Amino acid sequence: MPVVHYQFGDFSLHCGKFELCRKGRRLKLERKPLELLVLLVTKHGQVVTRDEIAACLWEREVFVDIEHGINTAIRKIRQILGDSSDLPQFVQTISGSGYRFIAPVTAVEPEVTETTQPSGNPVDQPSAPPEISATSVIPSAARPHRRLWLVTSLCVSVLIIISILTLGPHPLATRMLHRNTLPAITSLAVLPLDNLSGDPNEEYFADGMTDELITMLAKDSTLRITSRTSVMQYKGAHKPLSEIARDLHVDGILEGSVSRASSQVHMTLQLIRADTDTHIWAESYDRDNNDVSALPDEAARAIARRLDSAVASSATPRFVNPEAHDAYLHGLYLWYNTSNQEAGQYFRKAVELQPDYAQGWAGVALYLGAGAVIGELKPAESLAPDEAAAIKAVHLDDSLPEAHLALSAAILFNDWDWARADKEVLRAIEIDPKFAEACHFRAKMLQALNRQEEGIAMQKKSTELDPFARPWAMAQAFVAARKYDAALSDIQLRLKSAPQDQGLLYFMFVSYHNKGMDNEAVKAYQKMLQSTGQRDSVVAVQRAFQRGGYTALVQWELNGLRETARTHYVPPCDLAALYAELGDREHTLALLDEGYRQHSPRELFIQSNPSFDFLHADPRYRSLIQKMGLPPMN
């Protein structure tokens, strides 16, 4: 019977040749994903359960995490077909069940050409094979030759083995003794874990477990671990792992999934060598909810041991209330999604459930300090509780770098004690030299203290550790040092990979304006507004600039901020910066004085803003700067 091949879209799948083509060009797809594609296509739109897939494709295999193998195979099928799990054209996920091939499929049977014979001439029949007797007869003369051949072969084999063992590494020795000649894995990226719970509300749990895996791997190994911000851009992305590894400059990729049902958590992990796309370690974990907080640490230690990169740890694991841990993960998820107020509710819930939870208190301090900086919370109401929460976090766990960073910020914002704040942030960096957030905060402190070259160097370190966290941070450091050309060069470079980043476009606007290039500045400002979908504002800016130049643009911005201040708290120095751009000395100084009285954290960084440069010789301004513990700029 002829072998059928199938056509769907631009693709053809030939079951006999076991190959997938697109427009006649053969595509490279590994054996398991191709077997799974054949299974899905031949089911003609029926749902194929995960159990069926496991039985058909992995029945005889032992050292395989089947569940994760299925996920990987589906992901590779979607990559090769250019498909998406959100808007599928070929493979549809049936939540809690399996998968279905949904594209129209045409089965094509190849034509069969029958062999014909000229009429009147019978078909020649093949001659019958010669009979083989039941008992083989070996001539006696051949037996000594066979014995000699066997003895010779045995001697040669023994000599080869002896030479391998005594002469050391050799290509043949490597193959026979399975010696690993590949370079060691020294860097690793943890891709966001897939949420297989079947509930989108559990996304925070999958992201939280990813975060904790990253943290524990950085703590428990000598590996260079890619930051959370860098890997989260690949959440839901269908890109080849080798390409992701190249983008992130890592040797290995850790991918996996997590699901939670009732009181049970199931997590699967798979470690993949990037240069060969080979799986070198896989494990599944099933835990009760009460034990889940220790799971990332357990997995991290197993991975570190597998890669010969484990570090000794004398820390005793701390008990964490599972409900408190869950609340903390929820708060962290909201924090990373810029929902500070909601995040604070979950951080508070975590410490209410477990009052001795250090990470929970660090989260509370994070929420209070950030709220004061961005203007969500009034400084008078939030800064003292911020410092108290940070002190408690450090007291509960002195080895927690996040706690020391939170305390550094709290001391700076609440006490304006630059020396103590610097001591705490340096302690955070000492505990975790790869803590990019701490390096960034110290860079900001150095800039405020007019130690600009040190600030630039520290920000470079932070950006190298986490290049995707704040693409604009290097530009901001150059602007603080009044190095506008350097800022623009850095911005142009980073816009290639982040063309819509608001921070980059804002500092482009600032840099062009301070170079006297207001036409270019306004274009950058309009692009920034476009990136946030503010189309009406783009038109308004253009009209204002055409009507009255840069001054009219600033006046338009000031009117909008004053309108916002009618209903929401606005830090006084934000308004002061716009009055400063207009050259209004009295309004600027009055607002800065108000910010000082309110103890606004944003006031501490005003010398990094070029808008206030015209005030540096003013004795009232210099007095204000000195009262905040800062050296005035010349």
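Panel values: segment 322-548, Kirkwood radius from alpha carbon pairs, Stokes-Einstein at 10 °C and 1.306 mPa s, translational diffusion coefficient 84 µm²/s. Of the trypsin sites (Lys or Arg not before Pro) found in segment 553-634, those that fall in a DSSP loop while having at most 13 other beta-carbon atoms within 10 Å are R566. Note on K627: aspartates and glutamates with a C-alpha under 15 Å away, same-chain residues under 8 apart excluded, are D415, D417, D593, E594, E603, D618. In summary, the helical segments of the chain meeting the span-like criteria, namely a full DSSP H run, a Cα extent along the axis of 15 angstrom or more and a mean Kyte-Doolittle hydropathy of at least 1.0, are 31-42, 142-167, 358-374. Computed from Cα atoms alone, the Kirkwood hydrodynamic radius reported for segment 537-634 is 14.2 Å. Only Lys, Arg, Asp and Glu carry charge here, each on its Cβ (+1 for the first two, -1 for the last two); on that basis segment 5-108 has a dipole of about 500 debye about its Cα centre. A simple charge model with +1 on the Cβ of Lys and Arg, -1 on the Cβ of Asp and Glu and nothing else charged puts the dipole of segment 494-634 at about 280 debye relative to its Cα centre. The share of Cα pairs per 10 Å bin across segment 187-306, counted from zero up to the longest distance, runs 14, 49, 32, 5 percent. The alpha carbon gyration tensor of segment 253-404 gives principal lengths a ≥ b ≥ c with a/c of 1.5 or higher and a/b greater than b/c, which makes the shape prolate.
Would segment 5-108 count as rounded, prolate or oblate if I go by the C-alpha gyration tensor, calling it rounded below 1.5 in a/c and otherwise prolate when a/b exceeds b/c, oblate otherwise?
On the way: a/c = 1.63, a/b = 1.32, b/c = 1.23.
Here segment 5-108 falls in the prolate category.
What Kirkwood radius, in Å to one decimal, follows from the Cα pairs of the chain? Kirkwood hydrodynamic radius for the chain: 29.6 Å.
Projecting the alpha carbon convex hull of segment 430-483 along each direction and taking the average yields 3.3 nm². Name the lysines eligible as straight-distance cross-link partners of K23: C-alpha to C-alpha under 24 Å, and not fewer than 8 places from it in the same chain. Here the lysines satisfying the reach criterion relative to K23 are K32, K43, K76, K239.
Of all lysines in the structure, the ones whose alpha carbon falls short of 20 Å from that of K460, not counting any fewer than 8 places away in one chain, are K434, K444, K483, K496. Around the Cα centre of the chain, unit charges on the Cβ atoms of Lys, Arg, Asp and Glu (plus for the first two, minus for the last two) sum to a dipole of about 1780 debye. Here the chain carries DSSP beta bridges of which approximately 85% are antiparallel, counting only pairs with both residues inside.
Size descriptors for segment 273-340, from the alpha-carbon set: Rg then Dmax equal 15.7, 42 Å.
Rg ratio for segment 433-554: its Cα radius of gyration over 2.2 N^0.38 Å, N being its residue count, equals 1.13.
No value in this document is a laboratory result; all are computed from the given coordinates. Every value quoted in this text rests on a predicted model; they were computed, and no experiment measured them. Cβ: placed from backbone, ideal geometry, glycine included. Neighbour counts: every protein chain shown.
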